[in-house]
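A short worksheet on the structure shown next.
The values are calculated or read from the model by the stated rules, or taken from the named source; none is laboratory data. Note that the coordinates shown come from a computational prediction; the quantities given were computed from them, not determined experimentally. Positions of Cβ are backbone-derived with ideal geometry, glycine not excepted, and every protein chain shown enters the neighbour counts. Remember, those area values only see protein heavy atoms, side chains included, never the ligands or the DNA or RNA. Shrake-Rupley method; radii C 1.70, N 1.55, O 1.52, S 1.80 Å.
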Amino acid sequence: MTLILALDFGGTKLAAGIAHLGSREWLRYERRLSPANVDAKTDLEIMRSLIYSLLQGITPSVIGVSFGGPVDATTGTVRLSHHVAGWENIPLKELLEAEFGIPASVDNDANVAALGEYRFGAGQGCHSLFYITVSTGVGGGWILNGKPWRGTSGMAGEIGHMVVDPNGPVCLCGKRGCVERLASGPYMAQNVREILENVDVQAASRRVPQRHRQASVLRGFPPLKQLARHRGGEVLRGLVGDNLQLLTGQLVSQAAADGDDLAKEVLYQAAWALGVGIGNVANLMNPQRFILGGGVTKAGEIFWQGLRKVARETALPEVTFEIVPAALGDEAPLWGAVALAESLLTMK
Ligand SMILES: [Zn+2]
């Protein structure tokens, strides 16, 4: 029986699994959280120990790898990691092949997750799809005519840094109003935090609220008119008390579901940004299906309804598409790694 070894180097966790070719269940599986301030060397050591603990008595034929950062998939070299230092130009495919003596294939997590959803999840039977993960960052991966499309430099699918509001807040990439700047979990939390801090400052100084100061955080959106009245925030404060640093994207979603107006506006804005991005991508490429995974997509109906409405309004009426939740959840990269390894077998 052919065995496949699948590896997932996530930003915060490492996971490894072994499955029989064609099986949808792990024969063996292990995961470990990355320690804080970890570097590439430690990540690799932890992964090696996971692999050796899985391998006892069995020999896989191929290795598939999902890596949480840009990868040159043709050579299997990691370009860098945004979360873990020291990954610059690490020849991961080469290292694995040298150590384990079997072929390996390495790609970035969004491309791999797209492949996973296509083979085993919400993209089955669909020849063109765009997978989007919305969590600490926003990334995307293409399947076109049943195959991954990586682009010339392996950078295709970067919907996270598509500008949807040129006058919006500054993103970590240096541009303004990127999808990721408005829709990722940490940035949603930051947006809420800045508005609440502003309200605190104003309350403390007993000045008349300066609307433009709040508007400077999130400008350019219809929902701002409501934000300017700074309603809401009570549920959010109830969740974190005085410590606004504890705010997360997940808490924003939770507060929105509990009816907090400020949380609802910020969540709607995230859905708006993503919806505009998806509508534009639909116009440009006309894929059959958009598949959305990642923590933020668990935000509930406010998010999904807003997203679908805005995407529909942004795309031309003739451009048809569906937007569906991912089916594989957190395991999309690992099952995608299985699919990636399978493609090595068929190439043989
Ligand atoms: Zn950006």
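Calculated FRET efficiency, residue 61 and residue 24, Cβ-Cβ r, R0 22 Å, to nearest 0.05?
Numbers: r = 18 Å, r/R0 = 0.82.
FRET efficiency, residue 61 to residue 24: 0.75.
Which of 13/93; 13/309; 41/147 have a Cα-Cα distance over 30 Å? Write down the numbers at each step before the final one.
Values: 13/93 19 Å; 13/309 34 Å; 41/147 32 Å.
The pairs that break the limit, which is 30 Å between Cα atoms, are 13/309; 41/147.
Solvent exposure of residue 130, expressed as accessible area, is near 0 Å², computed with a probe of 1.4 Å over the protein chains only. Rg and Dmax of the chain, based on Cα coordinates, read 21.4, 73 Å. Per residue, the stretch 1-82 exposes 46 Å² of solvent-accessible protein surface, assessed with a 1.4 angstrom probe and all protein chains in place.
The calculated FRET efficiency for residue 36 paired with residue 316, based on their beta-carbon distance and R0 = 30 Å, is about 0.05. Hey, how many Å between the Cα centroid of the stretch 31-93 and the Cα centroid of the stretch 228-259? Taking the Cα centre of the stretch 228-259 as reference, the centre of the stretch 31-93 is 36 Å away.
Stretching the chain fully between residue 167 and residue 144 yields a gain of 5.0 nm (0.36 nm per residue, less the alpha carbon separation). Accessible surface for the stretch 128-325, divided over its residues, is 45 Å² per residue with a 1.4 Å probe.
Sort the stretch 50-150 into rounded, prolate or oblate with this rule: let a ≥ b ≥ c be the square roots of the eigenvalues of the Cα gyration tensor; rounded if a/c is under 1.5, and if a/c is not under 1.5, prolate when a/b is larger than b/c, oblate otherwise. Please list the in-between numbers first.
Values: a/c = 1.92, a/b = 1.32, b/c = 1.45.
Since a/c reaches 1.5 but b/c is at least a/b, the shape of the stretch 50-150 is classed as oblate.
Can you figure out the FRET efficiency of residue 98 with residue 231, using R₀ = 45 Å and their beta-carbon distance, to the nearest 0.05? Each step should come with its number before you reach the end.
Details: r = 60 Å, r/R0 = 1.33.
Efficiency, rounded to the nearest 0.05: 0.15.
Dipole of the chain computed with +1 at Lys/Arg Cβ and -1 at Asp/Glu Cβ about the Cα centre; of 184, 17, 114, farthest Cα towards the positive end is 184. Within the accessible surface of the chain, defined with a 1.4 Å probe on protein heavy atoms only, the carbon and sulfur portion equals 53 percent.
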